[in-house]
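What follows is a single structure, written as structure tokens, with notes after it.
Values quoted throughout were computed directly from the atomic coordinates according to the rules given, and no laboratory measurement underlies them. Model, not experiment: these values are computed from the prediction. Here the Cβ positions follow ideal geometry from the backbone for every residue, glycine too, while neighbour counts run over all protein chains shown.
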Amino acid sequence: VVDTAHGHSQGVIDQVKAIKTKYPDLPVVGGNIGTAEAAKALAEAGADAVKVGIGPGSICTTRIVTGVGVPQISAVSNVVEALKGTDVCVISDGGVRYSGDIAKVIAAGAHIVMVGGLLAGSEEAPGEVELYQGRSYKAYRGMGSLGAMSHSQGSSDRYFQDIDSGAEKLVPEGIEGRVPYKGPMSAIVHQLMGGLRASMGYTGCKDITEMRTKTKFVKITGAGMSESHVHDVSVTKEAPNYRFS
């Protein structure tokens with residue numbers, strides 16, 4: 001995986017070409033990208049898969065700090081359209097809060113969906129469980145946060161920054177925070193799979209291929225989104241697959 005915050009750069013393209021030239025049978029993933037042009041450039045360089053997502057993550061501030069990014073569904077849809085007729089796999093990276101978001105991004109054409117924040121509170125995730133105001137949490141930070149970039153073996157190179165200049169010179173594109181403790185990861189994955197299966201049932205899709213190619217989107221308003229979430233009620237018992245803030 002040739003993984004940077006800006007995959008549509010000459011360095012990434014050259015690296016993908018170099019790897020495919022030396023190891024032609026080795027699957028290579030390039031990213032991250034957010035446009036059709038970037039997808040075509042990486043595909044022409046020999047990438048077998050592209051990672052789509054500029055700033056959609058829950059702990060990412062790239063779109064605010066830099067003013068750059070494309071809404072995830074639009075980015076995936078544009079990349080899928082650009083790569084139509086090729087065997088290049090599209091990986092959607094980030095922006096998933098609910099199982100329904102996984103269904104939507106697959107419907108937009110993604111072959112694979114990556115999640116981070118959804119699993120950050122699991123038992124298997126790094127970090128100790130900590131108590132805050134009577135509830136259990138786990139620490140969670142972005143790769144673009146100061147904490148992640150400040151280490152000598154950290155992620156500063158992913159964001160094209162030089163740790164040798166000192167931590168005070170770093171410009172973060174992520175934050176450090178906490179997420180509710182969620183227990184075993186198997187329970188989280190079970191809910192995600194259940195939501196996706198239910199979505200496939202509602203849309204009449206027998207497999208992922210049909211989900212990618214036969215579903216249709218409708219545009220909704222802010223009022224429609226409010227209607228979609230729970231409303232006019234005080235939640236007394238939280239569901240394992242739904243939190244609204």
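In table form, for the structure just shown:
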quantity	calculated
Antiparallel content of DSSP bridges confined to the chain, in %, to 5	45
Cut-off 12 Å between beta-carbons: net charge of the residues surrounding Tyr98, Lys and Arg +1, Asp and Glu -1	+2
Relative pair counts by distance (%), Cα atoms of region 48-92, 5 Å bins	5, 22, 28, 20, 14, 8, 3, 0
Chymotrypsin sites (Phe, Trp or Tyr not before Pro) within region 171-245: DSSP coil, no more than 13 neighbouring Cβ in 10 Å	Phe217, Phe244
Under 18 Å from the Arg197 label point (7 Å along Cα→beta-carbon), backbone N, region 205-245	205-211, 240-242
Normalised convex hull volume, region 1-66, alpha-carbon set, Å³ per residue	76
Dipole of the chain [Lys/Arg +1, Asp/Glu -1 at C-beta], most positive-end residue of Pro56, Ile33, Thr213	Thr213
Longest DSSP-loop-exposure-free segment, GluC sites (Glu not before Pro), the chain, at most 12 other Cβ within 10 Å	1-123
Structure-derived semi-axes √(5λ) of the Cα gyration tensor in Å: which label, when the choices are (i) 30, 26, 16; (ii) 83, 24, 19; (iii) 34, 23, 14	(i)
Positive minus negative residues near Thr203 (Lys, Arg vs Asp, Glu; Cβ under 12 Å)	+4
Charge dipole (debye, nearest 20) of the chain; +1 at Cβ of Lys and Arg, -1 at Cβ of Asp and Glu	680
Structure-based [θ]222 nm, the chain - -39500 (n - 2.57) summed over DSSP H runs of at least 4, per residue, nearest 500	-10000 deg cm²/dmol
Spin-label model distance (nm) - Glu130 vs Thr221, 7 Å beyond Cα toward Cβ	4.3
Förster-model FRET efficiency, 30 Å R0, Asp25 and His190, C-beta, rounded to 0.05	0.25
